[in-house]
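Asker: Below is one structure. I have some questions about it.
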Amino acid sequence: MNDAQIVARILLKEKAVFLRPNDLFTWTSGIKSPVYCDNRLLISTVESRSTIVKAFCKKLENQKLDYIAGTATAGIPWAAWIAYELKLPMIYVRSSSKDHGRQNAIEGQAPAGSRCVLIEDLISTGKSSIAAAQKLQEAGLVVDKILSIFTYGFTQVDQIFSEADIKYESLSHFDILARVAYDDKVLDSQTLDQ
C-alpha cells in the first residue's frame, strides 16, 4: 500500500472525511458535494497524525528549504510538527493582516529570499492556498510548493495553480479515497460510480 492509500485509509478511519451521496454538503464556496473533509479532527489523533507527518517529511526529504510555513489556522499544527521533524524554523501566514499591533500577515521571522514550503490541511478550489502563498511571495520568500493532506482533485485547480505559477501536491486525493472506501466496503459499487 502506498502513502496516498494509507492517508486515505486514515481519513476514513478517523472520520475526517464524511461521505453523504444522498444528502449533499454545502461548502463555503457554495459547491454542493457528497464528500466533506475536516482534517482538523486529525490533530487529536496520535498514531494517525504521526503517520501523516512522516508522509509529509518523506515528500520534503530531498528539498533544500529554509522554512516550513503553515496556513492559519488548519496548517499551523502540521507545519509545526513537520518543522520539528526536519529541524527547520517555522512561520505561518494569516488569511488577512491583523488589524492591530504590527498588522502582520506573516508570523515569525523569515528573511527575503528564504525558501519555504507552505503546508495546508486541504486544497479544495485552491484559491485560499494560492492567496496565502502570494502573501509569502510578496514578503520576498520563495515558495517551492504547497503541500496538503488531501485534495478533492478538481481539474480546474490544476489550471488555477498553473496560472499562479505555484506548484502543489497532496498526500492523497478523492479518487484514491473513493477507491479505498470501496475496497474497505464503506461504499458499494453504485455509490462509487455516483
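Asker: Would you kindly work out the equivalent ellipsoid of region 1-126 from its C-alpha gyration tensor and give its semi-axes, the square roots of five times the eigenvalues, largest first in whole Å?
Answerer: 27, 21, 12
Asker: Moving on. Quick one: angle between helix 3-13 and the longest Cα principal axis of the chain, in degrees between 0 and 90, rounded to 10, please.
Answerer: Once rounded, the angle reads 70 degrees.
Asker: If ligands, DNA and RNA are left out, what is the accessible area of Arg20 with a 1.4 Å probe, given in Å² to the nearest 10?
Answerer: 90
Asker: Turning to a different aspect of this structure: Hey, what's the chain come to in accessible area per residue, 1.4 Å probe, Å²?
Answerer: 54
Asker: I've got another one for you. Taking amide H positions as placed 1.01 Å from N in the peptide plane, with prolines and chain starts having none, which residues 5 or more places from Lys167, or on another chain, fall under 5 Å of its amide H?
Answerer: It is Ile146, by chain and number.
Asker: Here's a follow-up. Per DSSP helix of 4 or more residues, -39500 (n - 2.57); summed, then divided by the residues of the chain. What does that give at 222 nm, rounded to the nearest 500? If you can, show how the numbers build up before the last one.
Answerer: Details: 7 runs with 73 residues, N = 194.
Counting only the DSSP helices, I get -11000 deg cm²/dmol.
Asker: Now for a separate question. Normalise the Cα radius of gyration of region 124-194 by 2.2 N^0.38 Å (N = residues in it) and let me know the number. Could the numbers behind the result be given before it?
Answerer: Details: Rg = 15.4 Å, N = 71, 2.2 N^0.38 = 11.1 Å.
Ratio of Rg to 2.2 N^0.38 Å for region 124-194: 1.39.
Asker: Additional query: Between Asp188 and Val142, what is 0.36 nm times their sequence separation minus the Cα-Cα distance? Round to one decimal in nm.
Answerer: Gain in length upon complete extension: 12.1 nm.
Asker: Heavy atoms only, probe 1.4 Å: what % of the accessible area of region 1-43 goes to carbon and sulfur, would you let me know?
Answerer: Ligands and nucleic acids excluded, carbon and sulfur give 54 percent.
Asker: May I ask you to order 167-180, 82-95 by the average number of other C-beta atoms within 10 Å around their residues, highest value first?
Answerer: On the way: 167-180: 19.6, 82-95: 17.6.
Result, highest mean first: 167-180, 82-95.
Asker: Within region 13-64, which trypsin sites (Lys or Arg not before Pro) sit in a loop by DSSP and count at most 16 neighbouring Cβ atoms inside 10 Å? Please list the in-between numbers first.
Answerer: Details: sites: Lys13, Lys15, Lys32, Arg40, Arg49, Lys54, Lys58, Lys59, Lys64; in loops: Lys15, Lys64.
Those satisfying the criteria are Lys15, Lys64.
Asker: Now for a separate question. Find how many whole Å separate the alpha carbon centroid of region 46-69 from the alpha carbon centroid of region 124-191.
Answerer: Comparing the Cα centres of region 124-191 and region 46-69, I get a distance of 16 Å.
Asker: Right, another one. Starting at 0 and stepping by 5 Å, how many percent of the alpha carbon pairs of region 53-194 end up in each bin?
Answerer: With a bin width of 5 Å, the distribution comes to 2, 10, 19, 20, 18, 12, 8, 5, 3, 2, 0.
The values are calculated or read from the model by the stated rules, or taken from the named source; none is laboratory data. Since the structure is predicted, the reported quantities are computational estimates derived from the model, not experimental observations. Glycine also receives a Cβ, built like all others from the backbone with ideal geometry; neighbour counts cover every protein chain displayed. The protein model used for the area step is the full one, side chains on, heavy atoms only, and it has no ligands, DNA or RNA in it. Shrake-Rupley method; radii C 1.70, N 1.55, O 1.52, S 1.80 Å.
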